[in-house]
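The values are calculated or read from the model by the stated rules, or taken from the named source; none is laboratory data. Values in this document were obtained by computation on a predicted structure and should not be read as measured data. Please note: Cβ atoms are built from the backbone with ideal geometry, for glycine as well, and neighbour counts cover all protein chains shown.
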Amino acid sequence: MAPRKPGKVVGTAYLKVDGPDKVTGRTLFADDLALPRMLWCKLLRSPHAHARILAIDTAAAAAMPGVKAVLTGRDLPTPFGILPVSQDEHALCPDRVRFIGDPVAAVAAETEEQALEAAHAIRVDYERLPEIDSVQSALRTPEPLIHDYGDAGNVHKRIHLEFGDTEKGFAEADEIVEQNYFFEGNTHLPLEQHASLAVKTPDGKLCIWSSTQTPHYLHRALTKVLGMPAAHVRVVACPNGGGFGGKSDPFNHEIVVAKLALLTGRPVKIGLTREEVFYCHRGRHPTLMSVKAGVRRDGALTALHFRTQLDGGAYGSYGVASTYYTGALQTVTYRVPRYRFEGLRAFTNKPPCGPKRGHGTPQPRFALEVHMDRIAERLGLDPLEMRLRHLQPANSLTANFLQVGSMGLGKCLEEVRERSGWREKHGKLPRGRGVGLACSSYISGAGLPIYWNALPHSGVQLRLDRSGGVTAFCGATDIGQGSDTVLAGCVADVLGIDPLDVRVVTGDTDLTPVDLGSYSSRVTLMMGNAAVEAAERARALVAGAVAEKLGVPAERIALEDRRVFDLEDPAKGMTFQEACIAAEAKHGTLGTVGSYTPPRSPARFRGAGVGPSPAYSYQACVAEVEVDPETGEVKVPRIWIAHDVGRAINRTTTIGQVEGGVYMGLGEALMEEMAYRGNRGVVHKFPSMLEYKSPTTREMCEVETILVEDPDPNGPFGGKEAGQGPLLPVMPAVANAVFDAVGVRVDEIPVSAPKVLKALQRLAAGQEGRYGPAGLPAADYGEVTRVLPPWEGGDGRDMKKQEVGAGGVRGHIPGGK
Amino acid sequence: MLRLPPFEYLRPAGLEEAIRMRADAGPAGQFVAGGTDLWPNMKRRQETPAVVIDIAALPVLRGVAAGPGGGLRLGAGLRLSEVESQRDLLAAYGAVAHGASTISTPLLRNMGTLGGNLLLDTRCNYYDQTFEWRRSIDFCMKKDGDTCWVAPGSPRCWAVQSSDLAPVMVALGAEVTLRSTAGERSIPVAALYADDGMKFTTKRPEELLTAVTLPAPDGWRAVYRKVRRRGSFDFPVLGTAVWARLAGGGPEPLVEDVRIVLGAVGSAPLRARAAEDLLRGKPLTEEAMRAAGAAAWKPAKPMDNTDLTLGWRKDVVRPEVARALAELL
Amino acid sequence: MTSPPTRAARGRTVLHPLTVNGETKDVPFLPHETLLEVLRERMGLTGTKHGCELGECGACTVLVDGKPVLSCLLLALNAVGTKVETVEGLAEGGKLHPLQQAFVELGAAQCGYCTPGFLMTAKALLADRPRPDRPCLKDALAGNLCRCTGYLKIYEAVELAAERMAREKPPRGA
Ligand SMILES: Cc1cc2nc3c(=O)[nH]c(=O)nc-3n(C[C@H](O)[C@H](O)[C@H](O)COP(=O)(O)OP(=O)(O)OC[C@H]3O[C@@H](n4cnc5c(N)ncnc54)[C@H](O)[C@@H]3O)c2cc1C
Ligand code: SF4
Ligand code: FES
Ligand code: FES
């Protein structure tokens, strides 16, 4: 089915609906809220990376001035976690701390200072345990266990999938290219520090305002841990001052203030310090990777084998999904006829890793795109033309059964080739200057929800009345990506009104229908589809009433420019408000709903839940760099990026997302890293805005953004995601450009000056001009699941099950021969 | 939110009152000027003075006047943004103005002062951390602990002198004026610093830094280069200040005299004397610049307590010194 | 003109006159409270944000006597006798300031958390240099971090506002 055609709103640069509030300081972020008699909460956090809690003495703290309540792990014994398979977190650690910063106790007091002083007065006796600071040490140290669950020792998750016989694929190759890569962890660093305010209403119910991207999942966690009926818990997601994935887990501090509000009967607020935000983390997993590719002389892949080892930190978080994601999307850009993926995630004594913009895919994308550059170099091919020749076709299934719909990568490549002057630059700039290319793709929402259910992923309700006012309700959360603007735009487009005419009410579990949250780039596609459905139903009500009034068939009714009229005689009609009055008179009180559930994926094997998406966005990116050959310092003056967004619902916000993605990618490429001190108990090296390097105006490059619009049948108006994909190609494009500039490979992110200089020094000394990991520690990835690719007759199931299934069918038709 | 610990606030009306207040407060007292160094340190509980004496607004600290022998006397209370845009400075003391302009951000430079910059606490990323963080490493020698985690066997602290203007002022041969109830003294800026992360200044706690006197611009030249990760916010991981008297024009003038001072590679600004000796009395050729870079590389001993790796920070001394010399021309 | 008190006792809350956005009010606060805390927590002016409280992000930027400074590193006491401007005072008579208008139009505020800081820095810049070029703009804004936009839309918005202000034709409201 072709997507709905845009009217007068979608595709334009209409105003961001929350703009006026944001520029006047009126937007209320969670920390901006205050209530009468409000108490302040402070958490006492573990000073040890791994230790048993022997005893906690809170008596002195409880007696301090202003203190109203003190909590420890005993008060909140129920575990929680974002994934059903990793319910391994506690609001306060009951018996064990697993990283420096793990919360142990909480205080509510009249002022924040009093709460802090009291927290310092809590005595905790610890027995220290051996600390694990990396995948290597986790593999070496199966005991003590950081968690008493997982696939083996301190290995949280093992994955081994093979799609087709990769050995055969390698045997058919003209060349085999192998290399190891490392992607250091980094974090979201939203400018807003997390904050929450909870209150117990006089009827015994709970309400919490929080800086969360996922009010629905927080709602579930609160219900579970507090043992309250879900209907008595209200979560209001405040606008987030940046999220990027860092506010998409339910957090211990949120549960703690809720509990304190219930206990004290007073509103309780917490505002995390920047250091504490680093402890919440859930950012990029440090990932070691090895890539083996078989290629023919023309650059066609014959087989691809990826290994990834993820340093998960102290808790599960989204980690199982992250691990699958490090192996999922390698197949959607270039044809990969046979593919094998081995991945593992280890528990370590560091703040937990999770989903950061690109969730699990930037690391392998970096490895793959640098690998493609190597392959082109080895084969003497132009890396851009080589990629162009072997693109995964539109409307196709990949080896791992991902359903690709619209696919604009070819157009993206051509665009950046022309705009960047690629042909004149690549391999031709003077030493010290270079250009590099990389491509990428990202999901527009995951095909499956985080917990198993058969419910819609997104719901929208519309309320219209005689005032002509339209209110759109949806559980989605605006984290700056502009989802409120998309919601208003989709509704306004269908109803022929202005987006600013639509009041949006979002992210409130009492008022709005469930939307799973602002993660995995799902909101525009899923909420957008739900909004279009609800708006089309409302349109039908309005058009029907007007048709009756005008005495023309409903098909002839148009809604445009706040008018509802006869298409054949546009003068015949009425204002939108008059139309609403007619509709309310005809139908009674007006309200419609829309919902969205993604199509079912053809993949059936275990682990097939990660990767499928209703639509994939595509990107091609060229970075230009200047490398100082004496210091190794890298400057990026300019980036060209083409992004296949399917359809830009709003041009301004779409370009904003692309530029923001490039910005964050640039930071990851050059400087951002979560670094820890091994010598002092795996402490975070510098949990501050000053020492965690986020690019300033002085580092940010110029960006030329090209939107490629190849409408996808599954997207609202054909739209796909824009929030995450554009970050992905930046890191490999920069690394490839450094190679073009000075002839050395830094197979590690960030590409910092010391690494470049080291590689240059090696090159000068006659060694390989490379900086990167030598290899991966030996590991067991578990038993392999084999799935035949579609072109070899696979049906998406595990081969074992496929054989059994087929045999079963035969066995049931005894007389059929 | 990180908040300041409580203290008593005093605002003197004049110089005499300021130094008297400071003397009265004793070890519990502390001056504050722009507060851009002191307040963060206090929020992290690296310092908790009971009495804070606010000298920022003292008019006597805010002047720019002719110094002895044609030099320039800068009040210690001048804001960094005033230093970077001061006309007299821009004309004759480009390295000072430039050095000031590289400090942190335009916003911070509207607050931070010249005096505060020279007296900025030494830095170390085991130390510039919150109380909670420092507790998790069992504190360190500089504050509340016994061991230096940068060099655990060491009897001293290696925190880094990270002021951008310190190496510039040392290279220029500037002087500071210090005043206390005991009287006034002037010392070369070089003598203001001690090579110890904890006792990093020879200024007595009760002394007020009132002015910095720059030498007359009688033909010397000076430059300052700063290495850091980002072009804003960041402290130097290497600052290179070079002052020289060059004789004869042309592309390779003769070096009559030269001072090369490295910042952020030790607890005090570091004179690269061997490099200076190589240059003195010789033409400033490209080769000489490179040789000077190599000679300056040797004594630079950065420790692993700032941003970026110590190996790299040492390695870039070579090109940075050579480039600074080239900028003289 | 009032000036800061010459002495303020530790831990004593005292009323001090503060002039914020043209209005002078007596506000109670402690000597160790920063202007950031007083604006947000004592005066309810939560438009001024904070991301670090250590001078490392620029989110808390306000104007003091026309100069952009970090309110997290300024004692509220030091603001006594000065003119403080915050984002709440930018729009006049219910009409957006040209900078605000341009930020809305060009999508320069994504999450909007850094926006008040950028607006205040930009206002001071334009008062000083009505038509800044890009390098000048980048320098002036180098003390404000934004994690969402990559700054590009912010530059464009400041340039658009500068152009409109230079033409002195008030922009038409959206
Ligand atoms: C995020 C950030 C980045 C920074 N980046 C840099 C940088 O890149 N380069 C750099 O050099 N600095 C940097 N700084 C440090 C500092 O802000 C500046 O050096 C500034 O100049 C300090 O001046 P101040 O007036 O604010 O000092 P204050 O904080 O007021 O004082 C600092 C110290 O000096 C003492 N003091 C101040 N004035 C006098 C005086 N007249 N007499 C006696 N004692 C006095 C104080 O008692 C205090 O101990 C940075 C700070 C921050 C927060
Ligand atoms: S150098 Fe050593 S003693 Fe000094 S601050 Fe750093 S860790 Fe502490
Ligand atoms: S809050 Fe970050 S600079 Fe003030
Ligand atoms: S718009 Fe989000 S930090 Fe700038």
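A compact table of results
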quantity	calculated
Any hit, the stretch C:29-46, residues being more than 16 Å from ligand 3 (Cβ to nearest atom), assigned to a strand (DSSP E or B) and either under 16 Å from B:L4 (Cα atoms) or of a type in the set (F, W, Y) (or both)	yes
Residue list for the stretch B:1-19, restricted to those being among the charged types (D, E, K, R) and in contact (Cβ under 8 Å) with a residue 12 or more places away in the chain	B:R3, B:E8, B:R11
Count - residues of the stretch C:38-67 that are buried (at least 24 other Cβ atoms within 10 Å of the Cβ), within 16 Å of ligand 1 (Cβ to nearest atom) and facing another protein chain (nearest Cβ under 7 Å)	11
Wholly enclosed strands (runs of 3 or more DSSP E) of the stretch B:205-308 bearing at least 1 residues in contact with a helix residue (DSSP H, G or I) (Cβ under 6 Å, 6 or more places away or on another chain) and among the aromatic types (F, W, Y)	B:221-227, B:238-247
Filter result for B:G153 (at pLDDT below 95 and either within 16 Å of ligand 4 (Cβ to nearest atom) or within 14 Å of chain A (Cβ to nearest Cβ) (or both))	yes
Strands (runs of 3 or more DSSP E) enclosed by the stretch A:230-331 - at least 1 residues per element that are under 21 Å from the mean Cα position of the chain (by Cα) and of a type in the set (D, E, K, R)	A:301-311
Residue in the stretch C:90-108 that is within 11 Å of chain A (Cβ to nearest Cβ) and free of Cβ contacts under 8 Å to residues at least 12 places away in the same chain present	yes
The lone exception for C:E88 - which of (1) in contact with a Gly (Cβ under 6 Å, 6 or more places away or on another chain); (2) in a loop (DSSP other than H, G, I, E, B) it fails	(2)
Failed item in (1) closer than 19 Å to A:D32 by Cβ; (2) buried (at least 24 other Cβ atoms within 10 Å of the Cβ); (3) more than 16 Å from ligand 1 (Cβ to nearest atom); (4) not hydrophobic (A, V, I, L, M, F, W, C), with C:G107 passing the rest	(1)
Subset of the stretch B:109-130 [within 14 Å of chain C (Cβ to nearest Cβ) and near ligand 1 (Cβ under 10 Å from one of its atoms)]	B:R109, B:M111, B:G112, B:T113, B:G116, B:N117, B:L120, B:D121, B:R123, B:D128
Boolean, A:G327 is out of contact with any strand residue (DSSP E or B) (no Cβ under 7 Å at 6 or more places or on another chain) and of a type outside the set (V, I, T)	no
Selected residue [surrounded by fewer than 24 Cβ atoms within 10 Å (Cβ to Cβ), under 20 Å from B:D37 (Cβ atoms), within 14 Å of chain A (Cβ to nearest Cβ) and out of contact with any Pro (no Cβ under 9 Å at 6 or more places or on another chain)] from B:D144, B:D196	B:D144
Number of the condition not met by A:R74 [criteria: (1) under 23 Å from A:I255 (Cβ atoms); (2) outside any helix (DSSP H, G or I); (3) in contact (Cβ under 8 Å) with a residue 12 or more places away in the chain]	(2)
Residue in the stretch C:119-142 that is facing chain A (nearest Cβ under 8 Å) and in contact with a Lys or Arg (Cβ under 7 Å, 6 or more places away or on another chain) present	yes
Cβ-Cβ under 9 Å pairs, at least 6 apart or on other chains, the stretch A:693-706 side at the interface with another protein chain (Cβ under 7 Å from one of its Cβ atoms), far side surrounded by fewer than 22 Cβ atoms within 10 Å (Cβ to Cβ) and in a strand (DSSP E or B)	A:E699/A:K635; A:V703/A:R638
Any hit, the stretch A:589-598, residues being surrounded by fewer than 18 Cβ atoms within 10 Å (Cβ to Cβ), over 30 Å from A:V523 (Cα atoms), out of contact with any Gly (no Cβ under 7 Å at 6 or more places or on another chain) and in the same structural domain as A:A531 (by TED's automatic domain parsing)	no
Residue match in the stretch A:291-313 (condition: buried (at least 23 other Cβ atoms within 10 Å of the Cβ), within 14 Å of chain C (Cβ to nearest Cβ), modelled with pLDDT of 95 or more and closer than 30 Å to A:V523 by Cβ)	no
Flag for A:E178 being away from chain C (no Cβ under 14 Å), under 24 Å from A:D780 (Cα atoms) and charged (D, E, K, R)	yes
Criterion: under 16 Å from the mean Cα position of the chain (by Cα), within 16 Å of ligand 1 (Cβ to nearest atom) and surrounded by 24 or more Cβ atoms within 10 Å (Cβ to Cβ) - qualifying residue of C:L99, C:L70	C:L70
Members of the stretch A:200-214 found to be β-branched (V, I, T) and buried (at least 23 other Cβ atoms within 10 Å of the Cβ), listed by number	A:I208, A:T212, A:T214
Any hit, the stretch C:127-139, residues being within 16 Å of ligand 4 (Cβ to nearest atom) and in contact (Cβ under 8 Å) with a residue 40 or more places away in the chain	no
Test: residue in the stretch B:300-314 that is more than 14 Å from every other protein chain (Cβ to nearest Cβ), touching a residue at least 12 places away in the same chain (Cβ under 8 Å) and either buried (at least 16 other Cβ atoms within 10 Å of the Cβ) or more than 16 Å from ligand 4 (Cβ to nearest atom) (or both)	yes
Residue list for the stretch C:57-72, restricted to those being part of a loop (DSSP other than H, G, I, E, B) and in contact (Cβ under 8 Å) with a residue 60 or more places away in the chain	C:C57, C:G58, C:A59, C:G66
Residues satisfying the stated conditions in the stretch B:72-108, i.e. within 11 Å of another protein chain (Cβ to nearest Cβ) and either within 16 Å of ligand 2 (Cβ to nearest atom) or small (G, A, S) (or both)	B:S81, B:S85, B:S101, B:S104
Among (1) surrounded by 24 or more Cβ atoms within 10 Å (Cβ to Cβ); (2) modelled with pLDDT under 95; (3) more than 14 Å from chain B (Cβ to nearest Cβ) - the single one A:M731 does not satisfy	(2)
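Each row is one residue, and each column tells you yes or no for (1) within 21 Å of A:E704 (Cα to Cα); (2) at pLDDT below 95; (3) among the aliphatic types (A, V, I, L, M).
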| residue | (1), (2), (3) |
| --- | --- |
| C:A109 | yes, no, yes |
| C:P132 | no, no, no |
| C:N144 | no, no, no |
| C:G150 | yes, no, no |
| C:Y155 | yes, no, no |
